[in-house]
1. Given (1) surrounded by 14 or more Cβ atoms within 10 Å (Cβ to Cβ); (2) at pLDDT below 95, identify the lone condition not met by R544.
2. How many of the residues in the stretch 350-374 are crowded, with 19+ Cβ neighbours inside 10 Å, outside any helix (DSSP H, G or I), in contact with a Lys or Arg (Cβ under 7 Å, 6 or more places away or on another chain) and not charged (D, E, K, R)?
3. Looking only at the stretch 375-390, which residues are among the aliphatic types (A, V, I, L, M), assigned to a helix (DSSP H, G or I) and surrounded by 20 or more Cβ atoms within 10 Å (Cβ to Cβ)?
4. Quick check: is even one residue across the stretch 382-398 farther than 30 Å from N263 by Cβ and in contact (Cβ under 8 Å) with a residue 40 or more places away in the chain?
5. Could you check W132 against (1) touching a Leu at 6+ places or on another chain (Cβ under 6 Å); (2) more than 26 Å from L241 (Cβ to Cβ); (3) at pLDDT 85 or above and say which number it fails?
6. Would you say A217 is closer than 23 Å to N273 by Cα and in contact with a Cys (Cβ under 7 Å, 6 or more places away or on another chain)?
7. What are the residues in the stretch 547-570 that are under 29 Å from the mean Cα position of the chain (by Cα) and either outside any loop (DSSP other than H, G, I, E, B) or buried (at least 19 other Cβ atoms within 10 Å of the Cβ) (or both), if any?
8. Within the set of pairs 6 or more residues apart or between chains, which connect a residue that is touching a residue at least 40 places away in the same chain (Cβ under 8 Å) and closer than 17 Å to L444 by Cβ inside the stretch 473-491 to a residue that is assigned to a loop (DSSP other than H, G, I, E, B) and aliphatic (A, V, I, L, M) with Cβ atoms less than 6 Å apart?
Amino acid sequence: MSDHAKLPVFPRISANRPANMSRSRRPERDTSASRSDSSASTSPERGFDDDKDSIMLQSNDSLSSLAPSVSPESDDGARRRAIEEQNRVSPVSRLPAELMIAVFAKLASPADLKNCMLVSKDWARNSVGLLWHRPSTNKWSNVKSVIWTINKANSFFDYSGLIKRLNLSALGTEVSDGTLKPLAGCKRVERLTLTNCTKLTDLSLVAMLEDNRSLLALDITNVDSTTDKTMFALAQHAVRLQGLNITNCKKITDDSLEAVAKNCRHLKRLKLNGCSQLSDKSIIAFARNCRYILEIDLHDCKNLDDESITTLITEGPNLRELRLAHCWKITDQAFLRLPSEATYESLRILDLTDCGELQDSGVQKIVYAAPRLRNLVLAKCRNITDRAVMAITRLGKNLHYIHLGHCSRITDTGVAQLVKLCNRIRYIDLACCTNLTDASVMQLAMLPKLKRIGLVKCAAITDRSILALAKPKQVGSGGPIAPSVLERVHLSYCTNLTLAGIHALLNNCPRLTHLSLTGVQAFLREDLLVFCREAPPEFNEHQRDVFCVFSGVGVQRLRVFLNNNGGGGNEDPGSPGYGDGEGTMYNDGEDSGVGDVIVNVTAQANIMAIDEMDEEFGNDSEMLGQD
């Protein structure tokens, strides 16, 4: 029998129909050959026989114009079966893939995502990418599991292609080339973090970079075996690179970084700290080829001269952060050579710590050229004077953070003008500014948003300064009086301070979480030191003897102790200005508000071989805790 004979025979409709009966035509379905999943969707690819599309699963009353006519009874049966099938499939399984992925993304636990993968193939397809996007590699067992899975033959998914973020920094020195090499098949990694993996070499790094054109960020901080070979591989393959951190990779030279600058033109963030072989050559190449740079950190690149800094600023219209700490060769000329009328509105953070050649004229120029600076660090720029501080006042309300530690030529006059014109300062460090007196601190106390203040070794200040800091502040013009918002106060080696002033500070600064009083004799008492945190293990015996830093819960316990014991019991309650044990004393009219002060700090504290910065202030200063 021929194929034609197998087709059903349909009765012809009589042509003698009533005149008022028109032929019924149903709209024809689109017979385009394009598949329903061919749109620009992020849904997992469906197989050719997959009919579980959310549209196809909806009940459809219409009959195709090509379909044979059927009796009402058979039509009802087919419809009934379709409804039963639709009810059999879970409603969530009928969701489009995009919605399922959005739902699964709300699950915080990898275990939950793994369970989702076990429900069905649909669920697995839509959850596997979320589970493997950033696999957990903080334990050796996890790393071994990842390596075994991605190298397994005939896997249901291409797991190596699903990994977008790989971070082995938690294992640090335990990671070797033998660990990283088996992961070299992950060619779609976008963020590779290998901080402190010091055993790695070019062997595994180059293998990871080859043929990976998806890489956006690479962090090999302290991987000091890295050489130009890795950087050349990076330049060849990672053309989409946006972030590079090679801190302390001392073997890398200008040659390879020039190649990176020329090929990776989308770079936005560069951290080249401690790359001691770098010179102006590579930095100028970055400035001229990578026009999207937002942040560059050149801390400890001691070979840099003025030319590279001038080029970075003039060629970087989007530059927001420029960190040049300990770049000793930089002079005023780096800024004086900037075009006379040019302004750099994007620059917000400038760190010139220990640029010892810098003087007032350089500060004046950069402040004029970058009028929206928010954070300015001039610590250990010992040549600057009040003239530079007067220039800084041009920043006005834009200035939030100012570090003038060790700028010992600054006086009360400069500080007073700074407070007057920059009243939004939140953090200020004046450590070792030995010319400052209570007059400066009483002005600083008027800053309504001040959160952190560093006065280490400002030996001339007394309890009058502390009481001023403790005073409630007026919110806005004519606003309500509110408690101080101070959070961190550094007063180490301010030897004129007494228990009474600090007690007042504790009771009137509810947000206080850090208080350093190293070397302050009044606090070197056993009953108070029990609330102090432990000295760092690297400190010598002399440093330990005078160490006194309260932080976190220690501040709270010290406050409670002093309140319960009337200020510690060793202060004379009759001394002028001393309160009722609550430490709320404000007597601005009396210069000698707290009587005789204790100034006989132990000889140990005076001769200690400590860096001029307070030992905890240097490591724990506002510089390391920016907003």
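The values are calculated or read from the model by the stated rules, or taken from the named source; none is laboratory data. Just so you know, these numbers come straight off a predicted model, no measurement behind them. Here the Cβ is made from the backbone with ideal geometry for all residues, glycine too, and neighbour counts use every protein chain on show.
1. In the conditions (1) surrounded by 14 or more Cβ atoms within 10 Å (Cβ to Cβ); (2) at pLDDT below 95, R544 misses (1) alone.
2. Going through the stretch 350-374, the residues crowded, with 19+ Cβ neighbours inside 10 Å turn out to be 350-355, 358, 360, 362-367, 369-370, 373-374.
Filter again for outside any helix (DSSP H, G or I), leaving 350-355, 358, 370, 373-374.
In the following step, the residues that additionally are in contact with a Lys or Arg (Cβ under 7 Å, 6 or more places away or on another chain) were identified as 351, 353-354, 373-374.
Filter once more, so that each one left must be not charged (D, E, K, R): 353, 373.
The total comes to 2.
3. Selection gives A388, V389.
4. No, the stretch 382-398 contains no residue that is farther than 30 Å from N263 by Cβ and in contact (Cβ under 8 Å) with a residue 40 or more places away in the chain.
5. Every listed condition holds for W132 apart from (2).
6. No: the conditions fail for A217.
7. Matches in the stretch 547-570: V549, F550, S551, V553, G554, V555, Q556.
8. H490/V456
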